[in-house]
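In what follows, a single structure is set out as structure tokens and then discussed.
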Amino acid sequence: MTTDARHPREPHFAGWRLLMWGAAACLLSLPLIAMQFTDEVNWTLSDFVVFGGMLAVACGACDVAMRKGGNWRYRAGALLAVGTAFLLVWVNLAVGFVGSETNSYNLWYAGVLAIGVAGAFIARFRPGGMAAALTATAIAQATIGLVAQFSGMDHPWPATVVFTGLWLVSAALFLAAARSGTRSLS
């Protein structure tokens with residue numbers, strides 16, 4: 001008789017994990033490949049280290065959420081939050097939200113992430129608390145965008161709307177998980 005040693009709440013995601021980590025490795029290799037064919041892409045070692053670190057953190061967080069999350073709503077909320085955070089950092093480092101990537105005002109967006117991360121830890125990753133943390137994150141994103149817009153800075157307000165919306169959808173998924181009785185990462 002064969003027994004399954006996995007915890008009953010922990011579905012097996014080996015194929016998904018392999019796909020995710022493989023896609024991250026491919027994404028990291030794209031600039032290196034592009035550099036062989038064009039002078040438009042010119043990454044340094046530090047660019048690869050930063051991007052590799054971003055991918056490792058994002059994939060690690062997604063991995064934990066998929067293995068330990070309660071139901072599909074919790075997992076979807078976590079994946080969306082991690083993806084949104086990844087994109088926020090990537091866009092800010094690549095071109096910046098306000099002006100260029102060198103504009104010091106862009107550092108304010110680190111506060112958006114800090115609110116989300118601190119809120120998640122304070123909530124102990126419980127779905128109701130995660131909903132509140134991501135709502136606060138959305139408010140921070142919108143506030144920074146509004147201040148930039150009304151201060152006359154070169155700011156793409158549609159990006160603020162999109163990112164604020166992504167944070168709010170993630171919060172709604174966590175709220176739905178809380179209402180369905182889903183427990184947090186355990």
Seminar exercise, completed: Note on the range 110-186: alpha-carbon gyration tensor, axes a ≥ b ≥ c; rule is a/c under 1.5 for rounded, else prolate if a/b larger than b/c, else oblate; result prolate
Seminar exercise, completed: Calculating Rg/Rh (Cα atoms, Kirkwood Rh) from this structure picks out, from [x] 0.93; [y] 1.03; [z] 0.99, entry [y]
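Magnitude of the Cβ-charge dipole of the range 31-137, K/R +1 and D/E -1, about the Cα centre, nearest 20 debye? Please list the in-between numbers first.
Values: 6 positive and 5 negative charges, 176 e Å.
Dipole size: approximately 840 debye.
Efficiency by 1/(1 + (r/R0)^6): what FRET value for W16 and L87, r their Cβ-Cβ distance, R0 = 22 Å, to the nearest 0.05? Could the numbers behind the result be given before it?
On the way: r = 20 Å, r/R0 = 0.92.
Rounded to the nearest 0.05, the efficiency is 0.65.
For the chain, what are the DSSP H helices with axial Cα length of 30 Å or more and mean Kyte-Doolittle hydropathy of at least 1.0? If you can, show how the numbers build up before the last one.
Values: long enough: 14-35 (32 Å, 1.50); 45-68 (34 Å, 1.19); 72-94 (32 Å, 1.14); 127-150 (34 Å, 1.17); 157-179 (33 Å, 1.47).
Flagged H segments are 14-35, 45-68, 72-94, 127-150, 157-179.
Would you mind working out the magnitude of the charge dipole of the chain relative to its Cα centre, with +1 at each Lys and Arg C-beta and -1 at each Asp and Glu C-beta, to the nearest 20 Debye? Please report the intermediate quantities before stating the final value.
On the way: 11 positive and 8 negative charges, 241 e Å.
Magnitude of the dipole: close to 1160 debye.
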For this session: Express the carbon and sulfur contribution to the solvent-accessible surface of the chain as a percent, rounded to the nearest whole number, probe 1.4 angstrom.
Result: 70
For this session: Starting from the Cα of T143, step 7 Å along the direction of its Cβ; do the same at F37; then give the gap between the two resulting points in nm.
Result: 4.5
Seminar exercise, completed: If each part is reduced to its alpha-carbon centroid, the range 13-81 and the range 107-122 end up apart, in Å, by 20
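The values are calculated or read from the model by the stated rules, or taken from the named source; none is laboratory data. None of the values given here were measured: they were computed from a predicted structure. FYI the Cβ positions are ideal-geometry reconstructions off the backbone, even for glycines, and counts take in every protein chain you see. For the accessible areas, the whole protein counts, side chains as well, though only heavy atoms, and no ligand, DNA or RNA atoms are used. Shrake-Rupley method; radii C 1.70, N 1.55, O 1.52, S 1.80 Å.
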